[in-house]
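Here the structure is laid out as structure tokens; the discussion comes afterwards.
Any read-out appearing in this document is the output of simple, stated calculations on the displayed coordinates, not a laboratory observation. Just so it is clear, the structure is predicted and the values come from calculations on it, not from any experiment. Cβ placement follows ideal geometry from the backbone for every residue including glycine, while neighbour counts extend to all protein chains displayed.
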């Protein structure tokens, strides 16, 4: 698929978030892109040159739809990427990338601490079903990474900051080790968002975003994106994973995320500022056993994050309290401003306990194995969030 020119390349991120992919509607002159819910489009009169598995021609929504294409322009601009592929969810994007790049006998190195779906894809599905060798390492430990990335490794997958412990991985250093061994590097950038971190500019071959989270920012649509400057491989992903596996995003979800992305830079600026304040308050709070946030000097990856994350440290805090799982649940339920629910990156703050019986708990650093909570900061007044956390902690005797 030919790269579309970004007319706003070189402008600031906020300007690109508003204008890239936006144009007048040809039919009405409206200054907003319309929603195209059609699943089929008019074919050319001469069908002799039509490839029915191609994404170059609008013909069937599984091959692509206008709202998807406009969103791809915008997300590529946010990352400074040559191309973007937008699919049905963040997990669909991860699967599409892995499905296209990997074959039986390949070796993949990925983090011990990662999003549950990545753990499932590699730990269970790709190795058991397809014979891919999958190796987990502490990706924040470069010595471990060097030992694991051997010649013949096909892919190194990074998540930084990682979900859910907020560990920070040195993208440039891992890229150097991987490329010296002939391996590709992909980076899940969801916790950071392109406002704070652009993995392709740090040498990564591919970046993945769960658009469901910060870029959409309203908790009402799912989507995922793959970003790369490798246009040939991106065309393969479209052909193999979008068209012939069918993980296409719906026009309505693409339209919603396109709308949400306009305010993305403003929201991230506010979220960065609020999260830093709240993390500092939590760290001073009695009975909080630890706070893991890249913006805190106490985070082992803080100095690296200062170099790697340009505008701030994101909107997710991992912290612990000195109590059992049931009391953690009661604390979450006692919150009045913060919402007790999964996900992150919404306009409202979201909190979710990581129980001590989680099957992956032994993969986390020791301090994360008791009273561990993941907290996504929203757009509420930070003083109200702090007061809410305080009253809920007191309500359960913490």
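Would you order 180, 73, 172 from fewest to most other beta-carbon atoms within 10 Å of each residue's own beta-carbon?
Details: 180 11, 73 23, 172 14.
Ordered from fewest to most neighbouring Cβ atoms within 10 Å, 180, 73, 172 come out as 180, 172, 73.
Shape verdict for region 264-395, please, from the Cα gyration tensor: rounded (a/c under 1.5), prolate (a/b greater than b/c) or oblate. Intermediate values should be presented prior to the final figure.
Numbers: a/c = 1.65, a/b = 1.18, b/c = 1.40.
It comes out oblate by the Cα gyration axes.
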Can you figure out the FRET efficiency of residue 130 with residue 62, using R₀ = 30 Å and their beta-carbon distance, to the nearest 0.05? 0.80
For the chain, take the longest principal axis of its alpha carbons; what is the angle in degrees between that and the long axis of helix 66-79, to the nearest 10 within 0 to 90? 50
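What ranking do 149, 257 get, fewest neighbouring Cβ atoms within 10 angstrom at the top?
By the 10 Å Cβ count, ascending: 149, 257.
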Cα-based Rg (one decimal) and Dmax (whole number) for the chain, in Å? 21.3, 74
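How many percent of DSSP beta bridges within the chain run antiparallel, rounded to 5? Could the numbers behind the result be given before it?
Values: 26 of 44 bridges.
Here the share of antiparallel DSSP bridges comes out near 60 percent.
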For residue 357, placing the label point 7 angstrom along Cα-to-beta-carbon and taking region 316-331, residues whose amide nitrogen sits under 12 Å are 325-326
Neighbour-count order for 361, 85, 385, fewest beta carbons within 10 angstrom listed first: 361, 385, 85
Roughly what angle does helix 90-101 make with the longest principal axis of the chain, taking Cα atoms, 0 to 90 degrees, to the nearest 10? 60
Expressed in nm to one decimal, what extension gain is obtained for the pair residue 150 and residue 41 from 0.36 nm per residue of sequence separation less their Cα-Cα distance? 34.5 nm
How many angstrom separate the Cα center of region 233-248 from the Cα center of region 148-171? 24
In degrees from 0 to 90, rounded to the nearest 10, what is the angle of the helix 171-180 Cα long axis to the longest principal axis of the chain? 60
Return the distance in nm (one decimal) between the two label points of a simple spin-label model at residue 53 and residue 25, each offset 7 Å from Cα along Cα→Cβ. 3.6
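How much length, in nm to one decimal, is gained on full extension between residue 280 and residue 383, taken as 0.36 nm per residue of separation minus their Cα-Cα distance?
On the way: separation 103, 0.36 × 103 = 37.08 nm, distance 1.25 nm.
The span from residue 280 to residue 383 would gain 35.8 nm if fully extended.
Return the calculated 222 nm mean residue ellipticity for the chain, to the nearest 500 deg cm²/dmol, obtained by summing -39500 (n - 2.57) across DSSP H runs with n ≥ 4 and dividing by the residue count.
Working: 14 runs with 132 residues, N = 398.
Counting only the DSSP helices, I get -9500 deg cm²/dmol.
Rounded to the nearest 0.05, what FRET efficiency is calculated for residue 311 and residue 333 with R0 set to 30 Å and r the Cβ-Cβ distance?
On the way: r = 34 Å, r/R0 = 1.13.
Calculated transfer efficiency: 0.30.
Given a Förster distance of 25 Å, report the FRET efficiency between residue 201 and residue 103 from their Cβ-Cβ distance, rounded to the nearest 0.05.
Values: r = 29 Å, r/R0 = 1.16.
With a Förster radius of 25 Å, E is 0.30.
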